[in-house]
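A.B. asks: Once you've had a glance at the structure underneath, I'll fire off some questions.
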Amino acid sequence: FGIMSKDGFSGVYGREMYIGSYSQVKEGKAVILSTIGDGKPKEYEIEITKVNKMKVKSPKGIVLKITDKELLEATGGIVQGMSGSPIIQNGKLVGAVTHVMVNDPSTGYGIFIEGMLANYDLDYKEKGSGLDLAS
């Protein structure tokens, strides 16, 4: 249902995004891509506070803190429905939000994109370095 007028590698309104391996993920500034309010995806600032490279496939390999004032004012932090929000650092998709810390909703966990791809046996390194990410 609906009308599609043109399609490409990334779909009608998507954009191609390179992935960052777990070894490229660093503590520091990053963004998540999420929707609140108007339902349109938007980047929100976060801080990656801990990177546990021993847990590449773990849903808690990345510890993050929401620092974006707009997002904090609107939601108070990570809320139901934000799981799966892409984590982007230095222009590369490095993971996705998985959990919120119950005692501090501005803090949560993420899984490395490499771990997600490995869980599905995707040979992304040989098939290309780009990944389709709808925006």
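A.B. asks: List the number of the failed condition for residue 17; all other conditions in (1) modelled with pLDDT of 90 or more; (2) part of a strand (DSSP E or B) hold.
C.D. replies: (1)
A.B. asks: So, one more: For segment 20-52, what are the residues that are part of a strand (DSSP E or B) and either without any contact (Cβ under 8 Å) to a residue 12 or more places away in the chain or among the polar types (S, T, N, Q) (or both)?
C.D. replies: Hits for segment 20-52 are 34, 42, 49.
A.B. asks: So which residues in segment 65-105 are of a type outside the set (A, V, I, L, M), over 12 Å from residue 32 (Cβ atoms) and either exposed (fewer than 14 other Cβ atoms within 10 Å of the Cβ) or touching a helix residue (DSSP H, G or I) at 6+ places or on another chain (Cβ under 9 Å) (or both), if there are any at all?
C.D. replies: Those that are of a type outside the set (A, V, I, L, M), over 12 Å from residue 32 (Cβ atoms) and either exposed (fewer than 14 other Cβ atoms within 10 Å of the Cβ) or touching a helix residue (DSSP H, G or I) at 6+ places or on another chain (Cβ under 9 Å) (or both): 69, 70, 73, 76, 80, 81, 90, 91, 92, 103, 104, 105.
A.B. asks: For segment 82-102, enumerate the residues that are over 17 Å from residue 56 (Cα atoms) and among the β-branched types (Val, Ile, Thr). Spell out the reasoning first.
C.D. replies: Just the residues of segment 82-102 that are over 17 Å from residue 56 (Cα atoms), to begin with: 82-83, 85, 90-91, 100-102.
Correct list: 100, 102.
A.B. asks: Farther than 22 Å from residue 116 by Cα and over 12 Å from the mean Cα position of the chain (by Cα): is that true of residue 77 in this structure?
C.D. replies: Answer is yes for this residue.
A.B. asks: Give all pairs with beta carbons closer than 9 Å in which a residue from segment 53-77 that is touching a residue at least 60 places away in the same chain (Cβ under 8 Å) meets a residue that is surrounded by fewer than 17 Cβ atoms within 10 Å (Cβ to Cβ); count only pairs at least 6 apart in sequence or on separate chains.
C.D. replies: Pairs found: 56/118; 57/118; 57/119.
A.B. asks: Just need a number here: residues in segment 31-60 that are of a type in the set (A, V, I, L, M) and touching a Pro at 6+ places or on another chain (Cβ under 8 Å).
C.D. replies: The first filter runs over segment 31-60 and keeps only residues of a type in the set (A, V, I, L, M), leaving 31-33, 36, 46, 48, 51, 54, 56.
Applying the additional criterion that residues be touching a Pro at 6+ places or on another chain (Cβ under 8 Å) yields 32-33.
Here the count works out to 2.
Table: residues versus (1) modelled with pLDDT under 90; (2) among the charged types (D, E, K, R); (3) under 18 Å from residue 118 (Cα atoms).
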{"position": "6", "(1), (2), (3)": "yes, yes, no"}
{"position": "32", "(1), (2), (3)": "no, no, no"}
{"position": "39", "(1), (2), (3)": "yes, no, no"}
{"position": "43", "(1), (2), (3)": "no, yes, no"}
{"position": "47", "(1), (2), (3)": "no, yes, no"}
{"position": "83", "(1), (2), (3)": "no, no, no"}
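A.B. asks: If you don't mind, another one. Look through segment 106-119, keep the residues that are surrounded by 15 or more Cβ atoms within 10 Å (Cβ to Cβ) and not small (Gly, Ala, Ser), and return whichever of them is modelled with the lowest pLDDT.
C.D. replies: Among them, the one singled out is 117.
The values are calculated or read from the model by the stated rules, or taken from the named source; none is laboratory data. Predicted, not measured: the structure shown is a model, and the values here were computed from it. Positions of Cβ are generated from backbone atoms using ideal geometry, with glycine treated the same way; all protein chains shown enter the neighbour counts.
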